[in-house]
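Okay, structure first, notes after.
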Amino acid sequence: MTGRAVAPLVLATLVIVAAQAAWGQDVEAGREKAAPCQACHGPNGNSTVPLFPILAGQTARYLYLQLRDYQEGRRQDPLMDPFAASLSRQDALDLAAFFAAQKPLATAFNPDPQKAARGEKKAAETLCTMCHLKQFMGQNEIPRVAGQHYEYIVKQMRDFKSGTRTNDAGNMASVSKTLSEEDVDDLGHYLAGLY
């Protein structure tokens with residue numbers, strides 16, 4: 001690698017380390033605290049159960065905010081509520097840092113090419129990348145949805161559409177309400193197929 005190619009990688013690493021230090025996150029402490037999470041979210045946050053999200057590679061800020069939302073009742077799940085309630089702020093920060101630092105693995109989902117193509121068109125039409133960014137990698141409190149389980153993606157869009165899930169700034173609820181069931185299915189195929 002040339003010096004020009006290495007410089008951006010070094011800068012990106014320094015930014016990540018500085019951000020973690022500013023938040024007081026400890027990846028190694030998070031690794032130890034993540035042991036109970038493996039039952040649902042798999043080793044290193046790579047869930048193999050399609051209704052449980054892949055946490056590996058998710059943005060640390062998003063993960064932390066979701067844990068906080070479970071603690072404060074803004075997001076609800078019978079499995080997550082009691083687990084999140086037991087976490088200190090530092091626990092949540094450390095878990096978020098740990099899972100964000102893990103490499104997401106590809107799922108076994110095989111998207112339908114026609115549905116994925118329609119989903120890509122719908123994603124462009126509804127301006128999804130304005131928040132989720134190019135390639136749907138997420139940013140800050142906006143989640144990475146690329147390569148997430150199809151079933152999980154579809155469930156979350158349906159929950160936002162129905163008002164069952166409300167813990168966002170309103171963007172997902174308003175966009176989801178414009179989607180037909182076919183749109184939701186197509187978007188699920190498109191997003192789950194990205195890796």
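The values are calculated or read from the model by the stated rules, or taken from the named source; none is laboratory data. Computed from a predicted model, the values in this text were never measured in an experiment. Every residue, glycine as well, gets a Cβ built from its backbone with ideal geometry; the counts of neighbours run over all protein chains shown.
Based on this model, can you work out whether Met172 counts as of a type outside the set (Ser, Thr, Tyr), loosely packed, with under 12 Cβ neighbours inside 10 Å, assigned to a helix (DSSP H, G or I) and at pLDDT 95 or above? Answer is no for this residue. Of the set (1) touching a Gly at 6+ places or on another chain (Cβ under 7 Å); (2) crowded, with 21+ Cβ neighbours inside 10 Å; (3) within 18 Å of Gly42 (Cα to Cα); (4) not small (Gly, Ala, Ser), all apply to Gln148 but (1). Taking the conditions (1) loosely packed, with under 14 Cβ neighbours inside 10 Å; (2) assigned by TED's automatic domain parsing to the domain that holds Gly45 in turn, Ala106 satisfies each one other than (2). Annotation: Cys37 fulfils all but one of (1) modelled with pLDDT under 50; (2) surrounded by 15 or more Cβ atoms within 10 Å (Cβ to Cβ); the unmet one is (1).
Scanning segment 111-126 for residues that are surrounded by 17 or more Cβ atoms within 10 Å (Cβ to Cβ) and assigned to a helix (DSSP H, G or I) yields Lys115, Ala116, Arg118, Gly119, Glu120, Lys122, Ala123. Taken across segment 54-70, residues that are more than 24 Å from Glu151 (Cβ to Cβ), under 13 Å from the mean Cα position of the chain (by Cα) and among the basic types (Lys, Arg) do occur, with at least one present. Of all residues in segment 67-86, which are touching a residue at least 40 places away in the same chain (Cβ under 8 Å) and not basic (Lys, Arg)? Asp69, Phe83 - these are the residues of segment 67-86 that are touching a residue at least 40 places away in the same chain (Cβ under 8 Å) and not basic (Lys, Arg).
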